[in-house]
Every structure is written in C-alpha cells, then in structure tokens.
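Worksheet: one structure, shown below.
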C-alpha cells in the first residue's frame with residue numbers, strides 16, 4: 001500500500017468523523033425545544049470541509065481524478081453547513097447573554113443536519 005493510499009484512507013476516516021459529529025449532533029438535538037449546542041456542528045463541519053479539500057488534493061496528486069461538478073456541489077453544501085453552524089453558534093451565544101429563549105434557532109439546526117445528509121447522499125449516489 002502506497003503512502004498516498006494510506007493518506008487517502010486516513011483522510012476518509014477523518015472526513016467520516018466530521019460528518020458523524022454534524023449528523024449525530026443534529027439527530028440528538030432535533031427533538032429538543034431549546035438549549036441547542038452548535039459547537040459539535042461547527043467543529044464537525046470544519047473537520048469535514050478541511051478533510052474533504054485534502055481528499056481532493058490527494059486524489060489529484062495520486063492521479064486518481066475527480067468529478068469537478070460533484071466536488072463543486074459538495075463544497076457549496078459543506079460551506080452552507082459551516083455557515084449555518086457558525087451563525088447558529090453566534091446567535092445562541094447572543095441569546096444566552098441577553099437571556100432570550102433560543103427556540104428560533106431550530107431551523108438553523110435543521111438546515112445544517114439536512115444539508116450534511118444531502119452531502120453524504122451526493123457522495124454515495126453521484127457516480
């Protein structure tokens with residue numbers, strides 16, 4: 001097994017961990033009415049985005065080729081997940097500081113989780 005192949009598998013593992021943090025946190029918190037924690041979503045989305053970009057670079061270096069349109073689509077969705085998570089975290093901190101209920105943040109949680117699951121579906125089914 002070559003170094004590039006080992007690196008690619010390690011990055012795939014890290015990428016799956018990042019997506020699991022986002023989707024797992026979403027599934028856990030969706031029944032909640034308030035008290036959302038966006039930190040695992042933000043950290044997971046950063047890990048997934050960075051490892052995904054690294055995976056593309058490794059595939060290019062290893063002459064494995066990439067589907068450019070698939071990668072662009074996945075990148076846009078990953079940035080959306082990151083943005084929704086970052087906005088949710090910022091707003092939840094503001095709501096806590098002014099002692100306001102954070103129930104209006106549920107759509108941000110919903111959007112982050114669904115977009116992450118769409119990204120996984122694209123990875124699996126777009127060939």
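When you scan segment 85-92, do you find a residue that is surrounded by fewer than 15 Cβ atoms within 10 Å (Cβ to Cβ) and out of contact with any helix residue (DSSP H, G or I) (no Cβ under 7 Å at 6 or more places or on another chain), even just one? Checked against the condition, which is being surrounded by fewer than 15 Cβ atoms within 10 Å (Cβ to Cβ) and out of contact with any helix residue (DSSP H, G or I) (no Cβ under 7 Å at 6 or more places or on another chain), segment 85-92 yields at least one hit. Here residue 5 meets the list (1) surrounded by fewer than 17 Cβ atoms within 10 Å (Cβ to Cβ); (2) modelled with pLDDT under 95; (3) closer than 18 Å to residue 113 by Cα almost entirely, failing just condition (3).
Apart from one condition, residue 56 fits all of (1) under 23 Å from residue 8 (Cβ atoms); (2) exposed (fewer than 13 other Cβ atoms within 10 Å of the Cβ); the exception is (2).
Among the criteria (1) touching a helix residue (DSSP H, G or I) at 6+ places or on another chain (Cβ under 6 Å); (2) free of Cβ contacts under 8 Å to residues at least 24 places away in the same chain; (3) under 20 Å from residue 125 (Cα atoms), the one residue 40 does not fulfil is (3).
Only a single item in (1) more than 19 Å from residue 124 (Cα to Cα); (2) over 14 Å from the mean Cα position of the chain (by Cα) is not met by residue 59, and it is number (1). Every listed requirement among (1) assigned to a helix (DSSP H, G or I); (2) touching a residue at least 24 places away in the same chain (Cβ under 8 Å); (3) loosely packed, with under 13 Cβ neighbours inside 10 Å is met by residue 124 save one, (2). Residues that are in contact (Cβ under 8 Å) with a residue 12 or more places away in the chain and either under 16 Å from residue 42 (Cβ atoms) or not in a helix (DSSP H, G or I) (or both) within segment 90-114 comprise 91, 92, 101, 102, 105, 108, 109, 110, 111, 112, 113, listed in sequence order.
Checking the structure you have, find out if any residue of segment 31-46 is out of contact with any strand residue (DSSP E or B) (no Cβ under 8 Å at 6 or more places or on another chain), assigned to a helix (DSSP H, G or I) and loosely packed, with under 12 Cβ neighbours inside 10 Å. No, every residue in segment 31-46 fails to be out of contact with any strand residue (DSSP E or B) (no Cβ under 8 Å at 6 or more places or on another chain), assigned to a helix (DSSP H, G or I) and loosely packed, with under 12 Cβ neighbours inside 10 Å.
Check 54, 121 and return the single one that is under 24 Å from residue 30 (Cβ atoms) and at pLDDT 95 or above.
The match here is 121.
Quick check: is even one residue across segment 65-77 at positive phi and loosely packed, with under 12 Cβ neighbours inside 10 Å? Yes.
The values are calculated or read from the model by the stated rules, or taken from the named source; none is laboratory data. Bear in mind the structure is a predicted one, so any value in this text is a computation, not a measurement. Glycine also receives a Cβ, built like all others from the backbone with ideal geometry; neighbour counts cover every protein chain displayed.
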